[in-house]
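The values are calculated or read from the model by the stated rules, or taken from the named source; none is laboratory data. Quick caveat: nothing in here was measured; it's all calculated off a predicted structure. So basically every Cβ, Gly included, is an ideal-geometry build from the backbone, and we count neighbours across all protein chains shown. Note: areas computed on protein heavy atoms with side chains; ligands, DNA, RNA excluded. Shrake-Rupley method; radii C 1.70, N 1.55, O 1.52, S 1.80 Å.
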Amino acid sequence: MRRAFVIAAMLLAAAARMTPAPVAATSAYQEVKDWPKLPAGVEFGEVPGVDVDSHGHVFVFHRPGRGFEPDATEVLEAPAIVELDADSGRQIASWGAGMFLVPHGITIDADNNIWLTDVGLQQVFKFSHDGKLLLTLGQARVGGWDATHFNQPTDVAIRSDGSFYVSDGYVNSRVALFDRRGVQLGEWGWKGNSHGAFSNPHGLAFAPNGDVLVADRENSRIQVFDRDGVFEHEWLGAKAIGRVFGVAVDRDGGMYVGVRAADYDPPSNGVLKLDRDWRPVAKVGFGAPGGPVFNAVHDLAVGRDGSIYVAETRTKRVVKLRPR
């Protein structure tokens, strides 16, 4: 009897954890004005991706002179990667000129390698920290659904053993797992809204316990899987606000969710912070008076000091939020 009671209590607790809860009414973050400080003549295009390396440097993957144009044929002439100092916001380096069509996701691994997805080239890339190409997956400009093709891939998440996941993506509806050499080990997902299905798997991260978090964008949820792709549960806390574009996790296990229902609609754009038990503990933006105004949240990353970096596409910027 006691064992049955304990099991029932655990199930109820798990269900409660996944139930949307009221979000904290006040923001624990403030926008850092006049950040970044780009060199004269340098401007961001749409910014789909941002991440932070082990030095605390902020890497921005942007589309200079281009919007979301998957059918584009001419590579971007200007550098698509910009490395910034987190404190001053000044540019440290830039690279990637003449290499990309439609930049999308960026992830930096534990060795400071830079992983990128390009929805126009239909490829996933691994670069060294200074921009040397180390690995290419997918066939350039050819979409498909198999072990050697993607169709508008969106993001990458890398495990400590070098294996990695690719969310794929705007056309396909899967998450694929590869070994450190780029050989596919497996995949899961299909188009839909049931458990394990996706409608644009748009962002990836790892939960504190190592589970795979997938920002299932058009289904307005985060789905949680074990490392082999077995569905565990889902988080629907943003369902009433908007679509879930991105997810990030800090070193303490706090989770950050980038939300956007529509372009240029601040009440439906912002960031939710969740604790390890999936309880909302802070919100930033969403049209709150006196807070930062977001219009096109697309990706986010968390710095070593707890600062949040929010990438926006339509407004062509990265916003730095500092904890109060």
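Kindly evaluate Arg276 against the criterion of being in contact with a strand residue (DSSP E or B) (Cβ under 7 Å, 6 or more places away or on another chain) and not β-branched (Val, Ile, Thr).
no
Do we have Trp235 as among the aromatic types (Phe, Trp, Tyr) and within 18 Å of the chain's Cα centre (by Cα) here? Let's see the steps before the verdict.
Working: among the aromatic types (Phe, Trp, Tyr): yes; within 18 Å of the chain's Cα centre (by Cα): yes.
Answer is yes for this residue.
Can you name the number of the only condition in (1) open to solvent by 10 Å² or more (accessible area, probe 1.4 Å); (2) not in a strand (DSSP E or B) that Glu234 fails?
That leaves (2) as the condition not met.
Mind checking which strands (runs of 3 or more DSSP E) fall wholly inside the stretch 64-126 and carry at least 2 residues that are more than 18 Å from Ser167 (Cβ to Cβ)?
It comes to 81-84, 91-95.
Mind checking which residues of the stretch 174-219 are among the polar types (S, T, N, Q) and not in a strand (DSSP E or B)?
Asn193, Ser194, Ser199, Asn200, Asn209, Asn219
With open to solvent by less than 20 Å² (accessible area, probe 1.4 Å), of a type outside the set (Phe, Trp, Tyr), more than 18 Å from Thr73 (Cα to Cα) and touching a residue at least 40 places away in the same chain (Cβ under 8 Å) as the only criterion, which of Gly120, Gly105 stands out?
Gly105
Cβ contacts < 8 Å: first residue without any contact (Cβ under 8 Å) to a residue 40 or more places away in the chain, restricted to the stretch 130-143; second residue part of a loop (DSSP other than H, G, I, E, B) and open to solvent by 40 Å² or more (accessible area, probe 1.4 Å), any location; separation 6+ or different chain. Result?
What qualifies is Gly138/Thr148; Gln139/Thr148; Gly143/Val171.
Step by step: first the residues of the stretch 307-324, then only those that are assigned to a loop (DSSP other than H, G, I, E, B) and open to solvent by less than 20 Å² (accessible area, probe 1.4 Å), then the one that is farthest from Val271 (Cα to Cα). Which residue is that? I'd like the intermediate steps shown before the answer.
Keep residues of the stretch 307-324 that are assigned to a loop (DSSP other than H, G, I, E, B), which gives 307, 313-316, 324.
Those left that are additionally open to solvent by less than 20 Å² (accessible area, probe 1.4 Å): 307, 313.
Details: Ser307: 12, Thr313: 15 Å.
Checking each candidate, the answer is Thr313.
One line per residue, one yes/no per condition, for (1) at pLDDT 95 or above; (2) touching a Ser or Thr at 6+ places or on another chain (Cβ under 6 Å); (3) not basic (Lys, Arg):
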| site | (1), (2), (3) |
| --- | --- |
| Val249 | yes, no, yes |
| Trp278 | yes, no, yes |
| Gly290 | no, no, yes |
| Asp299 | yes, no, yes |
| Val302 | yes, no, yes |
| Ala311 | yes, no, yes |
| Arg324 | no, no, no |
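Within the stretch 237-258, how many residues are under 18 Å from Lys320 (Cα atoms), open to solvent by less than 40 Å² (accessible area, probe 1.4 Å) and among the hydrophobic types (A, V, I, L, M, F, W, C)?
5
Considering (1) within 17 Å of Ser54 (Cα to Cα); (2) in contact with a Phe, Trp or Tyr (Cβ under 7 Å, 6 or more places away or on another chain), say which one Leu84 fails and leave the rest.
Result: Leu84 passes all but (2).
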